[in-house]
Ligand SMILES: Nc1ncnc2c1ncn2[C@@H]1O[C@H](COP(=O)(O)OP(=O)(O)OP(=O)(O)O)[C@@H](O)[C@H]1O
Ligand SMILES: Nc1ncnc2c1ncn2[C@@H]1O[C@H](COP(=O)(O)OP(=O)(O)OP(=O)(O)O)[C@@H](O)[C@H]1O
Ligand SMILES: [Mg+2]
Ligand SMILES: [Mg+2]
């Protein structure tokens with residue numbers, strides 16, 4: 001089966017610092033990512049803050065042009081930005097954003113914002129649109145009386161629900177959700193997660209789900225990719241990746257999940273400097289903080305490849321005794 | 001006497017009351033969690049305490065810090081409290097930083113204000129703070145603007161800014177939502193260390209009950225503008241009494257292998273404009289009786305420990321659920 | 001930053017060439033200068049001589065090329081009417097115009113922005129309502145009406161100020177006031193809404209929560225953010241410094257650029273009109289360029305687009 005969306009060798013770099021003349025120094029936020037999203041699945045992307053997850057998400061949607069590499073939609077290269085084809089494709093692909101306040105227009109009522117995509121694409125008007133807006137609001141758990149509110153009059157979680165219902169207005173095929181539930185309380189989070197799963201099951205929606213909340217990722221995602229410093233270091237079915245993390249970074253990540261009723265115990269505390277994309281360590285980017293790294297790790301960048309039926313980018317894979325070691 | 005004490009705090013917007021008499025004490029050096037569904041008034045409580053709400057908000061009640069009343073206090077007096085005694089980390093990190101000012105400058109502003117640091121000294125300290133909250137190569141990034149940082153980095157810059165004033169009380173409103181698990185753990189660690197070293201008290205507002213239980217001594221559960229239960233952290237998680245608290249705990253996804261559907265609390269938070277006459281949670285509550293729909297339970301001290309506002313509290317947590325929870329933790 | 005400025009400058013030159021080409025087409029197609037200048041009854045040989053003298057017999061494309069070449073060498077030819085270099089005629093008028101538009105500009109900014117900001121900071125107070133009412137009055141009243149009212153009061157009734165001419169500084173007062181009233185109103189209204197927008201932003205709350213005094217919150221956080229939209233409007237106003245006073249100059253018989261526009265257009269004095277157009281267009285384009293650069297300086301988000309490529 002061809003994947004619905006495929007990324008090949010995606011690289012993005014940004015200028016860091018500034019210089020008035022000449023070329024400012026640059027760093028790679030995303031550094032060679034290959035990814036395939038299969039039709040109807042939810043692919044989770046987790047990883048350290050600043051590891052390039054949002055940047056990758058924006059490139060997958062064609063909101064940002066990659067510095068190198070390409071994104072293919074149903075086997076075809078993405079049409080050039082701002083062409084008709086691109087616009088038609090964009091309507092099927094929606095982004096749900098990390099900071100809901102920044103994604104909303106503070107001068108428009110939320111009903112107007114949810115109706116906006118319908119009107120822009122000339123799909124519905126008047127009473128029909130109002131009905132659809134009411135339906136969308138109900139679907140994400142917003143009350144009808146909130147339709148005439150402005151974003152700043154809502155709580156953080158309520159705002160995020162507005163963003164989600166607006167993204168759903170166009171009945172998209174593909175969603176990139178960038179931290180869609182991190183501003184939501186556990187109960188609404190459960191509703192939204194169930195809602196996204198319903199959309200996946202009933203409407204065959206494909207999703208890339210970027211989140212820090214590993215418990216949620218584990219619950220909602222079929223597969224998960226773990227990023228570290230702009231690269232995917234581990235990929236696999238979410239149950240396996242969380243149940244038996246192989247890459248040392250994934251192990252640290254899984255062990256730091258805070259658990260209700262218990263303090264910060266039993267976790268692998270990462271030592272050393274937090275990762276810095278402007279000064280990528282040579283070899284495996286994780287080796288300075290890795291407990292099992294040796295000299296070889298500093299010399300060679302490990303490729304994401306199959307080890308014992310799973311994809312990891314770690315030279316020490318063969319040496320690790322399976323499971324329980326963490 | 002408590003370091004900060006809130007009594008009967010009420011807030012309304014355009015005639016709609018959203019806080020219905022909050023009472024909360026924070027001791028010196030204590031860490032208190034504030035949890036509850038979205039829109040129940042967690043942020044508004046502290047925005048009201050620091051007079052940061054828009055002018056249309058009507059506020060009554062009392063918030064005292066070391067006996068000094070803050071509600072209705074003149075501007076300059078509140079300015080002396082803000083940032084220096086009570087600092088606040090806000091919920092929406094990327095829009096809470098000034099987009100046209102370098103982040104270093106925004107941190108240095110706090111340093112100048114509260115610690116009298118200027119020039120190179122302030123800059124060095126700002127870099128130290130940024131390093132402390134885990135911004136890589138802070139020396140080269142102090143002079144960048146907020147849009148050049150990721151969401152989680154903005155959040156950490158907010159934290160650095162709040163810590164810059166060495167406050168006695170830190171209000172952390174969802175401080176780790178945009179952070180991944182390892183950095184979150186690191187920040188929670190950092191906050192705990194700072195508390196140990198400086199005796200800073202902390203109010204930790206979060207949806208993440210796991211994070212709350214990791215850093216707090218005590219937690220209060222809010223629903224529809226009221227505190228409905230509060231207790232020591234271990235007791236609250238081991239034996240939640242209010243059906244709402246039980247619902248919150250049940251909604252947390254579990255890290256077991258099956259992709260079970262999550263269990264949200266049924267129904268939605270009531271519109272503050274049309275609150276039910278009795279217990280605000282009654283329409284969603286499985287324990288509710290007729291009595292609950294007509295009478296409002298008061299927040300009462302419980303015989304063993306904690307405070308509770310419920311006529312029909314959940315008994316000891318059912319063993320079956322308890323074992324499931326044990327697995328989860 | 002340098003790249004940014006260079007690209008904006010290239011765009012500015014393109015804009016100018018387009019404006020001037022458009023001007024050429026309109027001027028040549030809208031009537032024969034010979035008949036207009038010499039009168040409809042002029043003898044045919046006089047008309048022919050005139051046409052030959054000004055190159056009006058050449059094919060249009062030839063005229064166009066010559067015209068563009070002239071522009072790039074700042075040679076606009078001789079005024080058909082005054083027989084003086086067109087550029088001199090235009091430049092001579094500029095100081096007079098600036099003498100009233102610059103002070104008016106200073107009033108617009110100096111009164112409009114503070115009034116608008118004050119109103120935003122004291123929203124719904126009496127002062128705020130006052131500012132709103134006055135500014136609506138300011139930008140709705142047509143300048144010729146205002147001019148007549150001012151002349152009636154201060155020249156005719158009170159006899160304090162002269163009603164026309166350019167002999168002393170007192171002569172400039174009424175034109176300056178007339179010119180600035182509308183701009184002050186617009187500026188105040190605009191600054192008020194820009195400021196209100198910014199004051200509602202979450203980062204203002206952050207600044208307050210830091211413990212900054214309200215003064216510092218306003219000066220260090222609110223105003224720098226509000227200045228971004230305000231600069232746009234200032235840019236428009238700067239662009240109108242040279243050409244925006246035609247009506248007022250005519251009413252007060254002020255010998256500035258505005259009156260020159262009116263007379264040279266009426267006379268089909270091609271060289272002067274072309275020169276005027278270029279000067280005016282240049283001033284507007286330059287104002288735009290300044291606005292763009294100011295944007296870059298004021299708002300880092302616009303400056304640092306992805307530039308590592
Ligand atoms: N416009 C930009 N200009 C310069 N650097 C940028 C820009 N956008 C992102 N970056 C940098 O690129 C890196 C990756 O950013 P990105 O937002 O993709 O991270 P992320 O994985 O989404 O992090 P988080 O989990 O904190 O949201 C970060 O180091 C960030 O500072
Ligand atoms: N400026 C405002 N104007 C009108 N209503 C407001 C305003 N700010 C907050 N509210 C209302 O007050 C109530 C409490 O909001 P608050 O932001 O305290 O919720 P919260 O508990 O912090 O929720 P979240 O966890 O989603 O941040 C909500 O119903 C919200 O709609
Ligand atoms: Mg991100
Ligand atoms: Mg909140």
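May I ask you to list the residues in the range B:241-251 that are more than 10 Å from chain A (Cβ to nearest Cβ) and more than 16 Å from ligand 2 (Cβ to nearest atom)?
B:241, B:242, B:243, B:246
Does at least one position in the range A:188-200 carry a residue that is within 16 Å of ligand 4 (Cβ to nearest atom), under 30 Å from residue B:274 (Cα atoms), within 10 Å of chain B (Cβ to nearest Cβ) and crowded, with 24+ Cβ neighbours inside 10 Å?
yes
Anything in the range B:55-68 that is touching a residue at least 24 places away in the same chain (Cβ under 8 Å) and within 13 Å of chain C (Cβ to nearest Cβ)? List them, or say none.
Scanning the range B:55-68 gives B:56, B:57.
Please verify whether the range B:32-49 includes one or more residues that are farther than 27 Å from residue C:216 by Cα, away from chain A (no Cβ under 14 Å) and in contact with a strand residue (DSSP E or B) (Cβ under 9 Å, 6 or more places away or on another chain).
Yes.
Consider residue B:264 carefully, then state whether it is in contact (Cβ under 8 Å) with a residue 24 or more places away in the chain and more than 16 Å from ligand 1 (Cβ to nearest atom).
No, not satisfied.
Take residue A:149 and decide whether it is surrounded by fewer than 24 Cβ atoms within 10 Å (Cβ to Cβ), within 16 Å of ligand 4 (Cβ to nearest atom) and under 23 Å from residue B:205 (Cβ atoms).
So residue A:149 fits the description; yes.
On the basis of being over 24 Å from the mean Cα position of the chain (by Cα), buried (at least 21 other Cβ atoms within 10 Å of the Cβ) and assigned to a helix (DSSP H, G or I), does residue B:126 make the cut?
So residue B:126 passes the test.
Can you tell me which residue is modelled with the highest pLDDT among those in the range B:129-144 that are within 7 Å of another protein chain (Cβ to nearest Cβ) and surrounded by fewer than 22 Cβ atoms within 10 Å (Cβ to Cβ)?
This residue is B:140.
With more than 30 Å from the chain's Cα centre (by Cα), surrounded by fewer than 20 Cβ atoms within 10 Å (Cβ to Cβ) and within 30 Å of residue B:103 (Cα to Cα) as the only criterion, which of C:215, C:205 stands out?
C:215
Go through the range A:130-182 and report how many residues are away from ligand 1 (no atom under 16 Å from the Cβ), farther than 17 Å from residue B:268 by Cα and facing chain B (nearest Cβ under 10 Å).
Selection size over the range A:130-182: 2.
Which members of the range B:69-100 meet the condition of being within 7 Å of chain C (Cβ to nearest Cβ) and assigned to a loop (DSSP other than H, G, I, E, B)?
Within the range B:69-100, B:83, B:84, B:90, B:92, B:95, B:96, B:97, B:98, B:99, B:100 meet the criteria.
Of the residues that sit in the range B:139-159 and are in a helix (DSSP H, G or I) and near ligand 3 (Cβ under 10 Å from one of its atoms), which one is nearest to residue A:57 (Cα to Cα)?
B:151
Could you check the range B:174-190 and list, in sequence order, the residues that are under 20 Å from residue B:114 (Cβ atoms) and either within 14 Å of ligand 2 (Cβ to nearest atom) or assigned to a strand (DSSP E or B) (or both)?
Within the range B:174-190, just B:175 meets the criteria.
Cβ-Cβ below 7 Å, separation at least six or inter-chain, first residue in the range A:253-281 and farther than 16 Å from residue B:179 by Cβ and at the interface with chain B (Cβ under 7 Å from one of its Cβ atoms), second modelled with pLDDT of 70 or more and in a loop (DSSP other than H, G, I, E, B): which pairs?
A:260/B:252; A:273/B:136; A:276/B:136; A:276/B:137; A:278/B:137; A:279/B:137
Please tell me if residue B:59 is in a strand (DSSP E or B) and within 16 Å of ligand 4 (Cβ to nearest atom).
The answer is no for residue B:59.
Taking the range B:189-229 on its own, how many of its residues are without any contact (Cβ under 8 Å) to a residue 24 or more places away in the chain and either more than 11 Å from chain A (Cβ to nearest Cβ) or crowded, with 23+ Cβ neighbours inside 10 Å (or both)?
3
Check the range B:252-265 and report whether any residue there is touching a helix residue (DSSP H, G or I) at 6+ places or on another chain (Cβ under 7 Å), surrounded by fewer than 24 Cβ atoms within 10 Å (Cβ to Cβ), within 13 Å of chain A (Cβ to nearest Cβ) and in a helix (DSSP H, G or I).
no
Within the range B:170-186, track down each residue that is touching a strand residue (DSSP E or B) at 6+ places or on another chain (Cβ under 9 Å) and away from ligand 1 (no atom under 12 Å from the Cβ).
B:170, B:171, B:172, B:173, B:174, B:175
How many residues are touching a residue at least 60 places away in the same chain (Cβ under 8 Å) and farther than 19 Å from residue A:168 by Cβ if we restrict to the range A:100-122?
0
Answer with yes or no whether residue C:136 is closer than 29 Å to residue C:18 by Cβ, touching a helix residue (DSSP H, G or I) at 6+ places or on another chain (Cβ under 8 Å) and assigned to a helix (DSSP H, G or I).
no
Here are B:184, B:166, B:153: which of them is without any contact (Cβ under 8 Å) to a residue 24 or more places away in the chain and either in contact with a helix residue (DSSP H, G or I) (Cβ under 9 Å, 6 or more places away or on another chain) or crowded, with 21+ Cβ neighbours inside 10 Å (or both)?
On inspection, the qualifying residue turns out to be B:153.
For the range B:10-20, which positions are more than 16 Å from ligand 4 (Cβ to nearest atom), closer than 22 Å to residue A:185 by Cα and in contact with a strand residue (DSSP E or B) (Cβ under 6 Å, 6 or more places away or on another chain)?
The one that is more than 16 Å from ligand 4 (Cβ to nearest atom), closer than 22 Å to residue A:185 by Cα and in contact with a strand residue (DSSP E or B) (Cβ under 6 Å, 6 or more places away or on another chain): B:20.
Name every residue in the range B:276-289 that is surrounded by fewer than 18 Cβ atoms within 10 Å (Cβ to Cβ) and either part of a loop (DSSP other than H, G, I, E, B) or facing another protein chain (nearest Cβ under 9 Å) (or both), in order of residue number.
Correct list: B:276, B:277, B:286, B:287, B:289.
Which fully enclosed helices (runs of 4 or more DSSP H) of the range C:148-266 have 2 or more residues being in contact with a strand residue (DSSP E or B) (Cβ under 9 Å, 6 or more places away or on another chain) and within 14 Å of another protein chain (Cβ to nearest Cβ)?
Once the helices (runs of 4 or more DSSP H) in the range C:148-266 are filtered for at least 2 residues that are in contact with a strand residue (DSSP E or B) (Cβ under 9 Å, 6 or more places away or on another chain) and within 14 Å of another protein chain (Cβ to nearest Cβ), what remains is C:202-209.
The values are calculated or read from the model by the stated rules, or taken from the named source; none is laboratory data. Everything numeric in this text was worked out from a predicted model, so none of it was measured. Note that each Cβ is placed from the backbone with ideal geometry, even for glycine, and that neighbours are counted across all protein chains shown.
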